[in-house]
Amino acid sequence: MSDTRIVVPIMAPTPKAMAALVEKALGAGAEAIELRVDALTSLAGRAVETLAAQTRQKAGPSRPVVVTCRDHREGGVLDHPLAARIEAWVSAIRAGSDYIDVELENFRLVQVSRPVREALAQAPQARLILSSHSMTGPFAGLQWRYDQTVAAYPAAVPKLIYTANHINDCFDALDLLRRARQDTITFCMGPAGWITRLLAKKLGGLFTYGSLESAAATAPGQIPIDQMKGLYRSDAIDGDTEFFGLIGDPVGHSMGPVVHNACFGQLNMNRVYLPLWVAGGPEELFAFLDAVRARAWLDFRGFSVTLPHKTSVLEYARVNGGTVEGLAARIGAVNTLLLDRQGGIKAFNTDYVGAMEAILSTLKIGRGDLKGRPVAVVGAGGVARAIVAGLCDAGARVTIYNRTVSKARALAGEFGCTHAALDELANVKAGLLVNCTNMGMHPEVDATPVPAEVLRPDMAVFDTVYNPAQTQLLRLAAQKGATCIDGVAMFVNQARAQFRLFTGEEADTALMRQVVARGLEGA
Ligand code: NAP
C-alpha cells in the first residue's frame, strides 16, 4: 500500500475552464488531479482525450491523473448518456490517464466492462477504480460491498464512499481501511464525516480528496487543500501520528485546532489536532469515546471538551474507571481528557487555571490578594462554575448575577457565596467583575450584560468571551478607565495548560496569542 495522496477534483463546464483549474490546483499543492468530466456540458471523447493528455503532461510523473465521469445517480453533475460516458473512460485511458473511476453498478454491465477491460489491456499504466457511493447514509453492508468490488475486478482499487450522518458513522470506514490488504479508497462525505478524510492518511488509503477552496468543493465535507496542508498539517500525518481534538457541538469556530496545531508544528511533533463534531447528548458522546478507546490503532491521545459535553465527560470518566482530578470533580465539569494506549482515562479542568492566571497576571497580584475581595460573577453556566470555584478557593467574596435566578442560587449554594438577579448589577460595588455569559460574543457583538453606568475607573473587568477579543463590555470598561482582562488571555492560558497535559512540553504562549489573533481576524 502506498502513501496517501490528496487528490483535487476539478469540475467546470468546459475543457478550457477545467484546464485553468488544473493549473491552480497544481499550484496549490495537489498531489493528484481528478478530472470530473461529468461536469462538461458537452461530453465528447476527443475533448476528454485532449484534456486528459494535457493534464497528464502538466502534472508530471509524480502526480497521478484520475478521470471520472460520475453517474448522476451517484452524485454526477450532469446526466450524460451511458454511451458517451463509456467513450469518455476509454478516451481517458488512451490519453495516458493513470486511473479511471467507474461505478461498480455500471461496471457490472457488459456494455461497460467489455470496452473498459479492452482499453485497460492496451494501457499498462492505467488502473481501474471501482466506486460505490451511498449519498444518504452508511452502506447496509460495507464489507460485503467491498468484497463484491474486489470480486468484480481484483486488480481494481475498491472505492467506497458514504455520507456520515454522525461522527459515529465514521468508524466503519476507518475499520475497513485498517483491514484492507490492497490499495483502497474509503472515507465519509458530509460535515460529520470529514475526519475520515484526514485519518485516511494515517491508515494508508490510496487517495483522499480535498477541494481547491471551500466554494469549489465537489462533495459535501471536502476540506480545502490549503487547510489540509496548513491548519491540519496533513503532510506530517503518517502511520505513527497521534491525534488530539476538540469534542463539542458545534466545533466549527473553535480556535483549538489553530493553537494546538501551530504548537505541534513548531515543536516538530508527530501530532495533529482535529475538531470532532459529536452531536447529540451523553449517549452519542459515550458511543464516540467507546469507539475511540476500542481502536488503540487510531492513536487518539487527548481531547479538549466543550459544550454540551463538559459534564457528561466527567461521568464517562467515572463510570469507566478513569481518574478525575480533584479540581474537575469539585467544579463538576471536565474540559480536558487524556487517553493512554490501554484506553485508560484521566480527566482535568484547565478553565479554572486559565481564568485565574489571566486575573492574577493582569492585576499583578498573588492568589492570597483575592482573599476577602468582593467579586461580581455574571452568569451561572459552565465557565462561571470554574471561575467561581477558583475565586472561592482563593477566599474572594463572590456574588453571582444571572438571568435565571434559580441557577445563580444553586451555584451560590454549592460554593457558599451570594447571588442576585441580573438587574441588581446596577448596585454592584465589587472591584472585580467577570462576565461569564455569552453576551457580546460574535455575531451579537454589540450586546453586554452590564450597563455602562455600573463601570468605574477603580474596577477590573474580565470578559471571558474571546470572539471578538475586544467586546462591547471591555470597550465600555476601557472608556471608563477600568482595567481590562480579555477572554483571549484565559483561552491561551487554558490551552497552554492543556498542551502541557497533552505533551508534557511547554507551548509558546506568544505563538498561541499570535495565531488566535490571526484566526479571529479571519473568523
Ligand atoms: P453556558 O453554560 O451555556 O452558560 C451561558 C450563561 O450565559 C448562562 O448563565 C446564561 O444565563 C447566560 N446567558 C446566555 N444568553 C444570555 C442573555 N441573552 N442574557 C443574559 N444571560 C445570558 O455557557 P459557558 O460554557 O459557561 O460559556 C459562556 C461564555 O464563556 C461563552 O461566551 C464563551 O465564549 C466563554 N468561554 C470562554 C473561554 C475562554 O477560554 N476564554 C472558555 C470557555 C467559554 P441563563 O442561565 O439564564 O441561561
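Side notes on the structure shown:
- Theoretical FRET efficiency, 1/(1+(r/R0)^6), r = Cβ-Cβ of R500 and D3, R0 25 Å, to 0.05: 0.15
- Prolate/oblate/rounded label for the range 352-485 (Cα gyration tensor, a/c 1.5): rounded
- Cα→Cβ-extended label distance, 7 Å offset, between E105 and A83, nm: 2.2 nm
- Contact order for the range 5-238, expressed relative to its length and based on alpha carbon pairs under 8 Å spaced 6+ residues apart, stands at 16 percent.
- Length-normalised contact order for the chain - Cα pairs under 8 Å, 6+ apart - percent: 9 percent
- Computed about its Cα centre, the charge dipole of the range 104-157 is approximately 60 debye, with only Lys, Arg, Asp and Glu carrying charge at their Cβ.
- Label separation (K24 vs H72): 2.7 nm, computed from points 7 Å beyond Cα along the C-beta direction.
- With θ taken as phi - 60° and the Karplus curve 6.51 cos²θ - 1.76 cosθ + 1.60 applied, the whole-hertz 3J(HN,Hα) list for the range 404-421 is 8, 5, 4, 6, 4, 4, 4, 5, 4, x, 5, 10, x, 10, 9, 9, 7, 6 Hz, x standing for glycine and proline.
- The lysines whose alpha-carbon is closer than 19 Å to the alpha-carbon of K201, local same-chain residues fewer than 8 away aside, are K159, K229.
- Stokes-Einstein D in µm²/s, Kirkwood radius over Cα pairs - the range 50-192 at 25 °C with 0.890 mPa s viscosity: 155 µm²/s
- A cut-off of 5 Å between modelled amide H atoms, ignoring neighbours fewer than 5 places along the same chain, links D101 with V67, T68, C69, I129.
- Segment V405-A155, length gained on full extension (0.36 nm per residue, minus Cα span): 83.2 nm
- Where a label projected 7 Å from the Cα of A44 along Cα→Cβ would reach, residues of the range 92-125 with amide N under 20 Å: 92-96
- Dipole magnitude (debye, nearest 20) for the range 5-238, charges at Cβ of Lys, Arg, Asp, Glu: 380 debye
- Dividing the convex hull volume of the alpha carbon atoms of the range 245-349 by its residue count gives 96 Å³ per residue.
- Cross-link partners of K364 among lysines (Cα-Cα below 24 Å; sequence separation of 8 or more within a chain): K429, K480
- M135-L307 FRET efficiency (beta carbon distance; Förster radius 41 Å; 0.05 resolution): 0.85
- Only Cα pairs under 8 Å and 6+ residues apart enter the sum, and on that basis the relative contact order of the range 389-523 stands at 15 percent.
- 13 Å Cα-Cα reach of K202 towards aspartates and glutamates, excluding residues that sit fewer than 8 places from it in its own chain: D3, D175, D235, D238, D240, E242, D299
- Counted without the sites themselves, the longest stretch of the chain free of trypsin sites (Lys or Arg not before Pro) in a DSSP loop having at most 11 other beta carbon atoms within 10 Å is 1-180.
- Stretching the chain fully between A426 and R367 yields a gain of 18.5 nm (0.36 nm per residue, less the alpha carbon separation).
- Per-atom-type breakdown for the chain gives carbon and sulfur 52% of the accessible area (1.4 Å probe, protein chains only).
- Note on the chain: Cα convex hull, mean projected area over all directions, 25.5 nm².
- For the chain: accessible area per residue (Å², 1.4 Å): 40 Å²
- Extension gain (nm, one decimal) between E444 and D226, 0.36 nm per residue minus Cα-Cα: 75.5 nm
- Estimated dipole of the chain in Debye, rounded to 20 [Cβ of Lys and Arg +1, of Asp and Glu -1, Cα centre]: 420 debye
The values are calculated or read from the model by the stated rules, or taken from the named source; none is laboratory data. Model, not experiment: these values are computed from the prediction. Cβ sites come from the backbone with ideal geometry, for glycine too, and all protein chains shown count toward neighbours. SASA here: full protein model, heavy atoms, side chains in, ligands and nucleic acids out. Shrake-Rupley method; radii C 1.70, N 1.55, O 1.52, S 1.80 Å.
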